[in-house]
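*Asks:* Pasting a structure here, questions to come.
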Amino acid sequence: MPDPRPLPLWAGRTVALLGILLVALNLRTAVAVISPIVAEINVDIRLDSVGLGIIGAVPPIAFALSALFGALIARRTGLERLLALAIVAMIVGQLLRSAATNFAVLLIGSLIAMIGAGIGNVLLPPLVKRYFPDRIGLMTSLYATLLAIGTAVTAALTAPIANSVGWRTSLAVWSIMALTALVPWVTILLRHRRDRAAVAADEVSDLEEPSADAIGRIWRSKTAWTVAIVFALSAFHVYVAFAWLPQLLVDIVGVSHVQAGGLLALYSIVGLPSALVVPLLTARLKNVGWVIQSGVAAFVLGYLGLLLLPTVLPWLWVVLIGAGPLLFPAALTLINLRTRTHEGSVALSGFVQTVGYGIGALGPLLVAMLRGLTGGWTAVLILLIVTALLCAVVGARLTKPTFVEDDVARP
């Protein structure tokens, strides 16, 4: 549990603070960069509904695979070294996508970039617990906010940059931003080499990484499954939005592609207040169930608006849908708050994100299939409403604080 007497954020850990925040700023740029410029990419690389569905499914699939193996790889390499390698993968993947001349290269670049981002997803919660065990709520709030800022900035600027200098340059720009996140972690790794006893950067072997037995046992934890499903349903809706919301708005509201990109940016910006506030509330409240229900209510109202009154205040429906993913920072915070140990935190982070992104990957593909079968968006919006309501049922289990280690210790 967090120390009741928190130290200043900069107490011997300024570089780690900067590193965590810069990584968070870059973790969603590769996800948000494609959908606003589909029309421009389509001039050079054919992207039909199936292709868009596959590209849209790459992030959660890559994130799930990264979560499945990330904790075990970290056991050999160490958290900081693995994170540095993940940032390099993000840079390489973005550059490869910008140079793509066919769909296969675009897909491979996307996969490399998303695997890097997925490893970052898994490592940030245990890194927060390592460097800031006394500030879990605040640090989760800060990095969740920067996740939202990075997403919003990318969604807002990608189309204008593409219109000015071309879609390839628009994609390459974000690799430069990712490069800035590498600097603090290289600094920390060099510090490890010079001084293994540094207070703010403990030796890698001091952190208990999850054993295969611990990872196997966590699958039997009801607490782990509850957090994972909340995370999964949030991911499902978020990746549907990134992949399909601009096209949905073009089709049923009648906005232009540039306006749809702006509305996607609005969707992302709406997440800023919840990213800032929700982790702090989650860290302080014993009953976080009402937080989950608030997110579900926002999702349902937004989808109903698009279903019944799409051309009336479409920005309001986008705002409501953008408020729904407050489930995401809540689940990120619970990864640390529902574990007692570092080992439990790494294991739960891997489990939650494996399950969560695995289910989330179905979202863009299901939407592509339903849209192809029905030729419209009604069935898609009904699917989104039903899955949001399912999250309300699961979230009802989060009325009392429980711990993963206690669940798996029971006979």
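Read-outs throughout are calculated quantities, based only on the coordinates presented, and are distinct from any laboratory measurement. Everything numeric in this text was worked out from a predicted model, so none of it was measured. Because the Cβ atoms are built from the backbone with ideal geometry, glycine has one as well, and the counts that use them run over all protein chains shown.
*Asks:* Say R0 is 25 Å: what FRET efficiency, to the nearest 0.05, do Arg191 and Phe69 get from their beta-carbon distance?
*Replies:* Approximately 0.40, to the nearest 0.05.
*Asks:* List the lysines whose alpha-carbon lies under 20 Å from that of Lys129, not counting same-chain residues fewer than 8 positions away?
*Replies:* Correct list for Lys129: Lys286.
*Asks:* For percent of Cα pairs over 31 Å apart, the listed values are (1) 57; (2) 34; (3) 39; which was obtained by calculation from the structure presented?
*Replies:* Computed from the coordinates, percent of Cα pairs over 31 Å apart corresponds to (2).
*Asks:* Sticking with this structure for a sec: If you average the sequence gap of Cα pairs under 8 Å that are 6 or more apart and divide by the length of the stretch 265-384, what percent do you get for the contact order?
*Replies:* 29 percent
*Asks:* Okay, moving on. Using a simple spin-label model with points 7 Å from Cα along the Cα→Cβ vector, what separation in nm is obtained for Thr169 and Val277?
*Replies:* 4.1 nm
*Asks:* Quick check: pseudo-label points 7 Å beyond the Cα along Cα→Cβ at Ala297 and Val88, how many nm apart are they?
*Replies:* Taking the two extended label points, one gets 4.9 nm.
*Asks:* Let me ask another. Calculated FRET efficiency, Asp406 and Leu313, Cβ-Cβ r, R0 60 Å, to nearest 0.05?
*Replies:* It comes to 0.80.
*Asks:* For a quick protection proxy, order the peptides 332-338, 356-362 by their average other-Cβ count within 10 Å, most packed first.
*Replies:* Order by mean packing, descending: 332-338, 356-362.
*Asks:* Of Leu304, Thr158, Ile229, which is farthest along the charge dipole of the chain in the positive direction, counting Lys and Arg as +1 and Asp and Glu as -1 at C-beta?
*Replies:* Toward the positive end, the furthest listed residue is Ile229.
*Asks:* Further question: Counting every Cα pair in the stretch 271-411, what percent are over 18 Å apart?
*Replies:* Here the tail beyond 18 Å accounts for 63 percent of pairs.
*Asks:* Okay, moving on. Going by how many other Cβ atoms sit within 10 Å of their own, how do Thr145, Thr169 line up, fewest first?
*Replies:* Sorted ascending by nearby Cβ count, the order is Thr169, Thr145.
*Asks:* Considering only Trp174, Ser294, Ala396, whose Cα is most displaced toward the positive end of the charge dipole of the chain, charges sitting on Cβ of Lys, Arg (+1) and Asp, Glu (-1)?
*Replies:* Ala396
*Asks:* Same structure again: Can you tell me how the stretch 63-181 classifies by the Cα gyration tensor, rounded, prolate or oblate, using a/c under 1.5 as the rounded cut?
*Replies:* Oblate shape, in that a/c is at least 1.5 and b/c is the bigger or equal ratio.
*Asks:* How large is the dipole of the chain about the Cα centre if only Lys and Arg carry +1 and Asp and Glu carry -1, each at its Cβ, rounded to the nearest 20 debye?
*Replies:* Approximately 520 debye in magnitude.
*Asks:* For every helix of n ≥ 4 consecutive DSSP H residues, a contribution of -39,500 (n - 2.57) applies; sum these over the chain, divide by its total residues, and give [θ] at 222 nm rounded to the nearest 500 deg cm²/dmol.
*Replies:* -26500 deg cm²/dmol
*Asks:* Something else now. Given an 8 Å cut-off on Cα distances and at least 6 residues of separation, report the relative contact order of the stretch 240-328 as a percent.
*Replies:* 35 percent
*Asks:* Quick check for me: using +1 on Lys/Arg Cβ and -1 on Asp/Glu Cβ, what's the dipole size of the stretch 56-143 about its Cα centre, in debye to the nearest 20?
*Replies:* 180 debye
*Asks:* Assuming R0 = 25 Å, what is the FRET efficiency of Ala99 and Asp251, from their Cβ-Cβ distance, to the nearest 0.05?
*Replies:* Approximately 0.20, to the nearest 0.05.
*Asks:* Shifting gears a bit: Can you list which of the DSSP-assigned H helices in the chain have a Cα extent of 27 Å or more along the long axis and an average Kyte-Doolittle score of at least 1.6?
*Replies:* 289-308
*Asks:* What's the exposure ranking of Asp406, Asp134, going from fewest to most Cβ atoms within 10 Å?
*Replies:* Listing Asp406, Asp134 from fewest to most nearby Cβ atoms yields Asp406, Asp134.
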